Amino acid sequence: MSDQFAVELKGITKRYSGHTAVKDLDLGVPKGSVYGLLGPNGAGKTTTIRMIMNIIGPDAGEVRVLGHDRSGRDLSHRVGYLPEERGLYKKMKVLDLLVFLAQIKGVDHSQARRGSVEWLERLGLSDWVEKKIDDLSKGMQQKVQFISTMLHNPELVILDEPFAGLDPVNTQVMKDIVVDLSKRGTTTLFSTHIMEQAEKLCDSVCIIARGRKVVDGPLAEVKKGHRGRHFIVAVESGMDSVRSLLDER
């Protein structure tokens with residue numbers, strides 16, 4: 001495996017009760033890049049990210065993160081992770097919670113407090129520092145959770161559907177932060193089912209459907225090589241009818 005990648009997957013497969021969520025997936029996330037994992041809901045994006053984060057293990061294949069085999073190795077102090085399932089301690093105050101979470105990642109108290117205040121100001125939450133998480137809107141809570149992924153200055157940031165549930169203004173704020181991270185040399189991997197988000201932010205993408213890779217590579221090359229010739233169609237039922245229509249073509 002190559003040291004040019006912050007994340008590298010080789011032939012990873014994950015099965016659940018006879019269902020294959022991810023099948024023989026290869027991808028490499030170049031260091032310092034913004035990388036999009038793109039596909040419809042149920043394509044296997046979250047399962048892939050959970051394997052990268054060592055939350056679950058692959059049934060086959062290799063996962064390397066920041067040059068290390070992920071199996072049994074704790075890289076939490078070098079990785080910032082925003083999961084698809086948002087969750088915070090609802091009864092804690094915003095600033096207290098952020099300081100607590102930063103200290104878990106090894107940040108000392110004064111630095112954690114200073115960084116939290118700076119991020120809260122940047123994301124327009126300065127007036128909410130003494131409020132309990134339960135008092136915040138869903139979008140505000142999402143921004144607080146994002147801040148918690150950044151306070152230890154991770155080398156690699158992994159965001160699972162980071163824009164879901166945000167209004168257009170806050171979506172743009174988050175996009176601007178992703179761009180800033182790239183300028184600082186931080187590697188960012190994020191999942192999305194919206195092509196427009198990937199096109200505006202990503203240096204490289206991997207498109208997956210039904211757990212399999214459709215195409216990957218630098219965004220410009222993917223667009224150039226596949227424009228007008230490939231489509232991803234996700235259906236919840238009636239697949240036999242779809243196949244019949246395609247056969248007629």
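In the condition set (1) in the same structural domain as CYS206 (by TED's automatic domain parsing); (2) surrounded by fewer than 19 Cβ atoms within 10 Å (Cβ to Cβ); (3) in contact with a helix residue (DSSP H, G or I) (Cβ under 6 Å, 6 or more places away or on another chain), GLN103 is compliant with all but (1).
For segment 212-228, the candidate set comprises residues that are modelled with pLDDT of 75 or more and not in a strand (DSSP E or B); within that set, the residue that is nearest to the chain's Cα centre (by Cα) is LEU219.
Would a scan of segment 127-146 turn up a residue that is of a type in the set (D, E, K, R), surrounded by 14 or more Cβ atoms within 10 Å (Cβ to Cβ), under 23 Å from the mean Cα position of the chain (by Cα) and closer than 24 Å to LEU37 by Cβ? The answer is yes; a qualifying residue exists. Scoring SER17 on the criteria (1) over 22 Å from GLU161 (Cβ atoms); (2) modelled with pLDDT of 95 or more leaves a single failure, condition (2). The residue that is modelled with the highest pLDDT, counting only those in segment 87-100 that are under 22 Å from PHE163 (Cβ atoms) and part of a loop (DSSP other than H, G, I, E, B), is LEU88.
Among residues of segment 57-98 being surrounded by 13 or more Cβ atoms within 10 Å (Cβ to Cβ) and of a type in the set (Lys, Arg), the one that is farthest from GLN141 (Cα to Cα) is ARG64.
I'd like to know if segment 117-125 contains one or more residues that are among the small types (Gly, Ala, Ser), within 24 Å of PRO168 (Cα to Cα) and surrounded by fewer than 18 Cβ atoms within 10 Å (Cβ to Cβ). Checking segment 117-125: at least one residue is among the small types (Gly, Ala, Ser), within 24 Å of PRO168 (Cα to Cα) and surrounded by fewer than 18 Cβ atoms within 10 Å (Cβ to Cβ).
When the residues of segment 101-121 are narrowed to those that are free of Cβ contacts under 8 Å to residues at least 12 places away in the same chain and in a helix (DSSP H, G or I), which ends up nearest to GLY165 (Cα to Cα)?
Ranking the qualifying residues of segment 101-121, first place goes to GLU121.
When VAL173 is tested against (1) touching a Gly at 6+ places or on another chain (Cβ under 9 Å); (2) under 24 Å from GLN4 (Cβ atoms); (3) part of a helix (DSSP H, G or I), only condition (2) is not met.
The values are calculated or read from the model by the stated rules, or taken from the named source; none is laboratory data. It should be emphasised that the depicted structure is a prediction, and the values quoted were computed from it without experimental measurement. Heads up, the Cβs are rebuilt from the backbone with ideal geometry, glycines too, and the neighbour counts pull from every protein chain shown.
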